[in-house]
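The values are calculated or read from the model by the stated rules, or taken from the named source; none is laboratory data. The shown structure was predicted, so the numbers you read here are calculated from the model rather than taken from an experiment. Every residue, glycine among them, receives a Cβ derived from its backbone with ideal geometry; neighbour counts consider all protein chains shown. The protein model used for the area step is the full one, side chains on, heavy atoms only, and it has no ligands, DNA or RNA in it. Shrake-Rupley method; radii C 1.70, N 1.55, O 1.52, S 1.80 Å.
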Amino acid sequence: MRLCALRLSLPVLVVSIVVSGALSLTACGDRESNVVQGNRAGILHAGNGTEPQGLDPHVVTGVTESNIVTALFEGLVTKNPYTLEPEPGVAQRWDVSDDGLTITFHLNPAAKWSNGDPTTAQDFVWSWQRALNPAMGNQYAYMLYPVQNAEAYATGKLDDFSNVGVKALDDHTLQVRLNAPTPYFLQLMDHYSTYAVHRPTIEKFGKATDRFTPWTHAGNLVGNGPFTLKEWRLNRRIIVEKSDTYWDKDRVQLSGIEFYPAENISSEERMFRVGQLHYSYTVPLDKIPVYRAMEDSPYVNAPYLGTYFYLLNTTKPPLDDVRVRQALSLAVDRERLNNTVLHGTNVPAYGITPPGTLGYQPPRVFDYDVEKARKLLAEAGYPDGAGWPGLELTYNTSESHLKIAVALQQMWKDALNIDVTLANQEWKVYLDSIDQMSFQMARRGWIGDYVDPNNFLDLFLCDGGNNNTGFCDPEYDDMILQQAPRAASREERYRIFNAAETRLMEQMPIIPIYTYTSNHLVHPSVKGKPSNLMDYVNYKYISLDPDWQAAQ
Amino acid sequence: MSAPLITDIAQAEQGTSLWRDAWLRLRRNRLAVLGLAVLCFFVLVALLTPWIAPYGYAQQNLELGATPPSAAHWLGTDIFGRDLLTQIMYGGRVSLAVGFIATAVALVIGVTWGAIAGYAGGKLDAAMMRLVDILYALPFMIFIVLLMVVFGRNMLLLFLAIGAVEWLTMARIMRSQVQSLRQQEFVEAAISLGLSPATIIRRHLVPNALGPIIVYTTLTIPSVMLLEAFLSFLGLGVQPPQTSWGLLISYGAESLEEYPWLLLYPGLALTLTLFSLNFLGDGLRDALDVRGAKD
Amino acid sequence: MWRFIGFRVLQSIPVILVVITVTFFLVRLAPGGPFSAEKAVIPEVKAALEAQYGLNLPMFQQYLAYLGDLAHGDLGPSFKYPGRSVNELIAAGFPVTAELGLYALLVAIGIGGIAGVVASLRPNTAQDYIPMSVAMIGICVPSLLMGPILILVFGIYLEWLPVSGWGDIPGDKILPAITLGSTYAAYIARLSRAGMLEVMSQDYIRTARAKGLPEWQVVVRHALRGGMIPVVAFLGPAFAGLLSGSFVVETIFQIPGLGRFYVQAAFNRDYTMILGATVFLAVLIVVFNLLSDILAAWMNPRLRSQYGGGA
């Protein structure tokens, strides 16, 4: 009988678990949401994609990392989130020489590290050496390439860093010499790969170029940004709190931010819905019409500096024939795709550069034209799809890529009577296919690192590392590399870019599909988080309305 | 034991073969027959789909988009305006084929492996079961990705990949059954009669372990259908516009609030299949209960 | 019995070695290395990265170095998360996943075991069909669906339970445990029903009945032990499977478990993390399979004598 009692204990255990679960149900019914608590305490709860790879500005590469790094560090300049114009950061002001080749930054004497040390010009020189050091393996080292000799140093052709064009004239004056006038250079000074890092902290944990020391962990990290790292729990959350040593701390209105790595976008949307998040990293496509239909919709959609396109491998038939490439592109009804499958969230694209990139407008070389597409295909030897050898479209596994591919597959079938097969690949396999050019047609996206047409057009240089199409036009290279940088004015420069992009789109090594938009759900209590082309957040501007609840 | 089964057993005494008896007994189990009928119906529909599907499976109507069930589209349409009924019918072809073939692969390997290991015991058993442990531990995803690189994308590979993982648990279950059966009198009698191990396994051990094996098999079929969806995400498996129930369900899950029918009907197809399999499995188990029959 | 355990532990050493070796070379053969990225990585940078992690050495040398580190219990630095060691990642994720797995298993055994045993007592009656149908819900509705449905109902419409998290808000462990457990409940229900039916027709049960024992005593004292053998054979791999298969549930509920690290590592080609997690998992699989074999032996009176009668 004793044994019986023992065996029955399992159901008893289950029942007690159920009961205790039921009890805890009632306990949490009246719990305040993160948003309500956060509004009172000034804590922003932000959905932030995936677990950040790290927080070392010279190691990380992604948007999720950038969102946290910009809270913990500050560059020479920051940006106004409304206009994206440079604003003082560590540098109070800067002078550009008349020839545009020398920039002198005057650092704010009040700028400090979070341990109280002053942020100096020497910190920047040392940090840029670290960022460019080939042993560091910094994937964004090229952001500093406009600096004299920086590229030579980063690729190991130059060993002596003193020949690189950056010098500390004194503790608070940093002089930078450039290879050529670079209109977008100030923008680069707000990219995390050009940030200064705290030398004593890094050296405490290892060599300057070691990637895997724990100097960025909570308790170790010393930064110079408006916030300091308080807690970092893997795959759970990262908490930062307002810094006491930040030079502009009076303007920082939040007392802290909690970043959640909400990997699954449907889960993130649910977290937002129950008030666990102030804003979401993105929005599931199918939810967009629902949110858009709401009164006082939290859905925010704005143009984003990126283009979604298909790469065409111009080295393999049938895509080695420009007429086939043009036919494919002309047969895509971008408006229809956008209005149906994409719920009107994006902007149909007809060029590689997003329209309005710092005032630049891409040329419109072609339109949706099925008749012309059919004619071109017939001229190429496939009248009404006869003799079509087949074509494979490669894309990395994702529901939105799939939806677009399925819709286009049918458009090509209907317009040109040709079969296109789809092949999804797991992310790293896909990257390998792109890199090796072992595809016929492949989905691709490009997000600008800085707001300038150059950042998109230099993709298709003959030896461009991200060209991946086999497209090579010496005249195009000359325009981008030689003519544009020497242009006398912005208008002249854009005219050259426009002519280059026209050449590119006539050769059609890519099929542009749409210009990206940023999509967020933003709680109405969040103020000072405007939409902008770079989806850039400046936490100094953000505040939370503590009375929001009362206003409802 | 319940009364009907005893009459079954009495009847079975006059039967000529095990399978004929089993069939006779199965026919008396109404739920099992119903299950069999539903499965046969699904298989028949799957076979005839190209001729009886109301629409073409790739036929889109982007402007229509996702609509709930209507007279024109009995089960509604998906976001491309494709007819869901057609999608489910074509998806069933893939899912049923994957479910049955891959499970059969797993069943054959797993049962054979487990039976041999369990019967032989000792060093051979240890070696065979440790191999199973190794295969359990290897990172399956990397394995699939590599298989695809080496062999390319094809359906045969899909069956093999699924069979390769699913047989492991099957082997463990079979082995534990055989181990306990091996000690029983009728097996010892068979050994003393000088029957070969292969005969003993085939004639005595496998039939006696059928209960748990059938049950596990019926559970494996639906999980294999869902595994196929995961493999499709890795790039193995079917490519759009072809589809399968697993894929339909996983896409349906993404928009379950907005377009619930996209989830409901493929889910219903899978559930019906599963329940039919289970009723059939139970019926088969009872019908093949040789021990009962021998009393 | 101790001899049996000793042998099995000895056998597991080559098992784990083979797993390490195969995995080590398998991950390096897979296309796309740990440092490939959407924006092409220039060759100098790639070379520097590989040098930092010793990937420039001949593969066999890397292998020996890895084994050397492993002997000291060092699983190496993660490639994906610079500044984190694999030991640290596993230490962060495993307790969470183990706790989730344990609750899920309790749910599974609770629902599945009861349904299976109850059903087996009156086969082919309502008492059979109803509990079995309930237990089967879990397998018809995969986690990827069960999770969102439970969240929508209990988290969003009823507002009873949190929609995500683990140990952050009271009650946030309930839905994940049910979601993960329900899949296994169906297996356990089916296997225990079949096992019980198998046993109930055997001679010793008839003998017990003939002695006039009440039915519940026959079930609890005699039938359960034999009838649960298939369940126990299933539990070993199932628990190990729970640990690696909890990925979907962990993602849906934002749970910081090992499952997410493991699958992400495979997607990221984080060689050391894949290896570390695989080795760790291999040890667990060996241990749990051993435990379930011991348990099965103990439950099976005939086999018990074979292993020395102990327990």
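Against the definition (under 23 Å from B:Pro139 (Cβ atoms) and either open to solvent by 10 Å² or more (accessible area, probe 1.4 Å) or of a type in the set (Gly, Ala, Ser) (or both)), how does C:Val220 come out, yes or no? Talk me through it step by step, then tell me what you get.
Working: under 23 Å from B:Pro139 (Cβ atoms): no; either open to solvent by 10 Å² or more (accessible area, probe 1.4 Å) or of a type in the set (Gly, Ala, Ser) (or both): yes.
The answer is no for C:Val220.
Being more than 10 Å from every other protein chain (Cβ to nearest Cβ) and of a type in the set (Ser, Thr, Tyr) is the requirement here; does A:Ser398 meet it?
Numbers: more than 10 Å from every other protein chain (Cβ to nearest Cβ): no; of a type in the set (Ser, Thr, Tyr): yes.
No; evaluated as a whole, the condition is false for this residue.
What do you reckon, is A:Trp215 part of a helix (DSSP H, G or I) and either touching a strand residue (DSSP E or B) at 6+ places or on another chain (Cβ under 6 Å) or closer than 12 Å to A:Leu55 by Cβ (or both)? Don't jump to the end; show me each part of the working.
Values: part of a helix (DSSP H, G or I): yes; either touching a strand residue (DSSP E or B) at 6+ places or on another chain (Cβ under 6 Å) or closer than 12 Å to A:Leu55 by Cβ (or both): yes.
Considered against the rule, which asks whether it is part of a helix (DSSP H, G or I) and either touching a strand residue (DSSP E or B) at 6+ places or on another chain (Cβ under 6 Å) or closer than 12 Å to A:Leu55 by Cβ (or both), A:Trp215 comes out as yes.
Do we find that B:Ile191 is modelled with pLDDT under 90 and crowded, with 21+ Cβ neighbours inside 10 Å in this structure? If you could, list the steps in order and put the result at the bottom.
Working: modelled with pLDDT under 90: yes; crowded, with 21+ Cβ neighbours inside 10 Å: no.
Against the criterion (modelled with pLDDT under 90 and crowded, with 21+ Cβ neighbours inside 10 Å), B:Ile191 does not qualify.
Name every residue in the range A:178-196 that is closer than 17 Å to A:Ala154 by Cβ and either among the hydroxyl-bearing types (Ser, Thr, Tyr) or modelled with pLDDT of 95 or more (or both), in order of residue number.
Answer for the range A:178-196, where residues must be closer than 17 Å to A:Ala154 by Cβ and either among the hydroxyl-bearing types (Ser, Thr, Tyr) or modelled with pLDDT of 95 or more (or both): A:Thr182, A:Tyr192, A:Ser193, A:Thr194, A:Tyr195.
When the residues of the range C:54-80 are narrowed to those that are hydroxyl-bearing (Ser, Thr, Tyr) and in contact (Cβ under 8 Å) with a residue 60 or more places away in the chain, which ends up most open to solvent (accessible area, probe 1.4 Å)? Reasoning before the result, please.
From the range C:54-80, those hydroxyl-bearing (Ser, Thr, Tyr) are C:63, C:66, C:78; that's our starting set.
In the following step, the residues that additionally are in contact (Cβ under 8 Å) with a residue 60 or more places away in the chain were identified as C:66, C:78.
Working: C:Tyr66: 18, C:Ser78: 0 Å².
The selected residue is C:Tyr66.
Identify the single condition in (1) at pLDDT 95 or above; (2) open to solvent by less than 20 Å² (accessible area, probe 1.4 Å) that A:Thr104 does not satisfy, given that it satisfies every other one.
Of everything listed in (1) at pLDDT 95 or above; (2) open to solvent by less than 20 Å² (accessible area, probe 1.4 Å), A:Thr104 misses just condition (2).
Do we have any residue at all in the range C:197-208 that's open to solvent by less than 20 Å² (accessible area, probe 1.4 Å), more than 9 Å from every other protein chain (Cβ to nearest Cβ) and touching a residue at least 60 places away in the same chain (Cβ under 8 Å)?
No.
Read through the list (1) more than 8 Å from chain C (Cβ to nearest Cβ); (2) hydrophobic (A, V, I, L, M, F, W, C); (3) touching a helix residue (DSSP H, G or I) at 6+ places or on another chain (Cβ under 9 Å), then give the number of the only condition that B:Leu156 fails.
Only one criterion is unmet by B:Leu156, namely (3).
Yes/no per residue for (1) assigned to a loop (DSSP other than H, G, I, E, B); (2) more than 16 Å from A:Lys540 (Cβ to Cβ); (3) in contact (Cβ under 8 Å) with a residue 40 or more places away in the chain; (4) within 27 Å of the chain's Cα centre (by Cα):
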site	(1), (2), (3), (4)
A:Thr50	yes, yes, yes, yes
A:Pro57	yes, yes, yes, yes
A:Thr78	no, no, yes, yes
A:Asp95	no, yes, no, no
A:Asp99	yes, yes, yes, no
A:Thr104	no, yes, yes, no
A:Ala110	yes, no, yes, no
A:Asn115	yes, yes, yes, no
A:Phe124	no, yes, yes, yes
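Kindly check whether there is at least one residue in the range C:226-238 that is surrounded by fewer than 24 Cβ atoms within 10 Å (Cβ to Cβ), within 27 Å of C:Ile90 (Cα to Cα) and of a type outside the set (A, V, I, L, M).
yes
Any chance you could count how many residues in the range C:21-57 are of a type in the set (A, V, I, L, M, F, W, C), within 14 Å of chain A (Cβ to nearest Cβ) and assigned to a loop (DSSP other than H, G, I, E, B)?
7
Yes/no per residue for (1) modelled with pLDDT under 90; (2) part of a helix (DSSP H, G or I):
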position	(1), (2)
C:Glu99	no, yes
C:Asn124	yes, no
C:Tyr129	yes, yes
C:Gly155	yes, yes
C:Gly167	yes, no
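Which residue out of A:Val69, A:Val36 is more than 13 Å from chain C (Cβ to nearest Cβ), touching a helix residue (DSSP H, G or I) at 6+ places or on another chain (Cβ under 9 Å), part of a helix (DSSP H, G or I) and more than 23 Å from A:Val222 (Cα to Cα)?
After applying the criteria, what remains is A:Val36.
Mind telling me which of the residues A:Val240, A:Val290 ends up being under 30 Å from C:Glu250 (Cβ atoms), hydrophobic (A, V, I, L, M, F, W, C) and surrounded by fewer than 18 Cβ atoms within 10 Å (Cβ to Cβ)?
Details: A:Val240 fails: surrounded by fewer than 18 Cβ atoms within 10 Å (Cβ to Cβ).
Unique residue meeting the criteria: A:Val290.
Of all the helices (runs of 4 or more DSSP H) wholly in the range A:436-552, which have at least 2 residues that are buried (at least 22 other Cβ atoms within 10 Å of the Cβ)?
Details: elements: A:454-457, A:474-478, A:490-507, A:548-551.
Hits in the range A:436-552: A:454-457, A:490-507.
Taking B:Leu146 as the residue in question, decide whether it is in a helix (DSSP H, G or I), under 30 Å from A:Val429 (Cβ atoms) and either open to solvent by 30 Å² or more (accessible area, probe 1.4 Å) or within 11 Å of chain C (Cβ to nearest Cβ) (or both).
On the way: in a helix (DSSP H, G or I): yes; under 30 Å from A:Val429 (Cβ atoms): yes; either open to solvent by 30 Å² or more (accessible area, probe 1.4 Å) or within 11 Å of chain C (Cβ to nearest Cβ) (or both): yes.
The answer is yes for B:Leu146.
So, of the residues in the range A:292-307 that are part of a loop (DSSP other than H, G, I, E, B) and free of Cβ contacts under 8 Å to residues at least 60 places away in the same chain, which turns out to be farthest from the chain's Cα centre (by Cα)?
Taking the range A:292-307 first, the residues part of a loop (DSSP other than H, G, I, E, B) are A:293-298.
After this cut, where a residue has to be free of Cβ contacts under 8 Å to residues at least 60 places away in the same chain as well, the list is A:293-295, A:297.
On the way: A:Ala293: 28, A:Met294: 28, A:Glu295: 30, A:Ser297: 25 Å.
In this case the residue turns out to be A:Glu295.
Which condition does A:Asp384 not pass, out of (1) among the charged types (D, E, K, R); (2) open to solvent by 30 Å² or more (accessible area, probe 1.4 Å); (3) on the phi < 0 side of the Ramachandran plot, if it passes all the others?
The one condition A:Asp384 does not meet is (3).
Give B:Leu288, B:Leu263, B:Leu270 a once-over and let me know the one that is open to solvent by 10 Å² or more (accessible area, probe 1.4 Å) and facing chain C (nearest Cβ under 8 Å). Quick ask: steps written out before the conclusion?
Working: B:Leu288 fails: facing chain C (nearest Cβ under 8 Å); B:Leu270 fails: open to solvent by 10 Å² or more (accessible area, probe 1.4 Å).
Among B:Leu288, B:Leu263, B:Leu270, only B:Leu263 is open to solvent by 10 Å² or more (accessible area, probe 1.4 Å) and facing chain C (nearest Cβ under 8 Å).
Just to check your reading of the model, which residue among C:Ile255, C:Ile178, C:Ile188 is aliphatic (A, V, I, L, M), part of a loop (DSSP other than H, G, I, E, B) and buried (at least 21 other Cβ atoms within 10 Å of the Cβ)? Give the derivation first.
Values: C:Ile178 fails: part of a loop (DSSP other than H, G, I, E, B); C:Ile188 fails: part of a loop (DSSP other than H, G, I, E, B).
Matching residue, one of C:Ile255, C:Ile178, C:Ile188: C:Ile255.
Which pairs have Cβ atoms under 9 Å, sit 6 or more apart or on different chains, and link a residue in the range C:118-130 that is closer than 13 Å to C:Leu197 by Cβ and facing another protein chain (nearest Cβ under 8 Å) to one that is hydrophobic (A, V, I, L, M, F, W, C) and open to solvent by 50 Å² or more (accessible area, probe 1.4 Å)?
Cβ pairs passing all conditions: C:Pro123/B:Met1.
Here are the criteria: (1) without any contact (Cβ under 8 Å) to a residue 24 or more places away in the chain; (2) assigned to a helix (DSSP H, G or I). Tell me which single one B:Leu195 does not satisfy.
All conditions are met except number (2).
Condition test on C:Val18, is it part of a helix (DSSP H, G or I), among the aliphatic types (A, V, I, L, M) and modelled with pLDDT of 90 or more?
Yes.
Any idea which of A:Leu342, A:Leu319 is over 23 Å from A:Phe460 (Cα atoms) and surrounded by 21 or more Cβ atoms within 10 Å (Cβ to Cβ)? Steps first, answer last, please.
Working: A:Leu319 fails: over 23 Å from A:Phe460 (Cα atoms).
From the options A:Leu342, A:Leu319, the qualifying one is A:Leu342.
Report, by residue number, each residue of the range A:130-169 that is hydroxyl-bearing (Ser, Thr, Tyr), more than 24 Å from the chain's Cα centre (by Cα) and assigned to a helix (DSSP H, G or I). Talk me through it step by step, then tell me what you get.
Here is the first cut: in the range A:130-169, the residues hydroxyl-bearing (Ser, Thr, Tyr) are A:140, A:142, A:145, A:153, A:155, A:162.
Now restrict to residues that are more than 24 Å from the chain's Cα centre (by Cα): A:153, A:155, A:162.
Result: A:Tyr153, A:Ser162.
Six or more apart or on different chains, Cβ under 6 Å: which pairs go from a residue in the range A:203-230 that's within 8 Å of chain C (Cβ to nearest Cβ) to one that's among the charged types (D, E, K, R)? Could you list them?
Note: pairs meeting the criteria are A:Thr216/A:Asp56.
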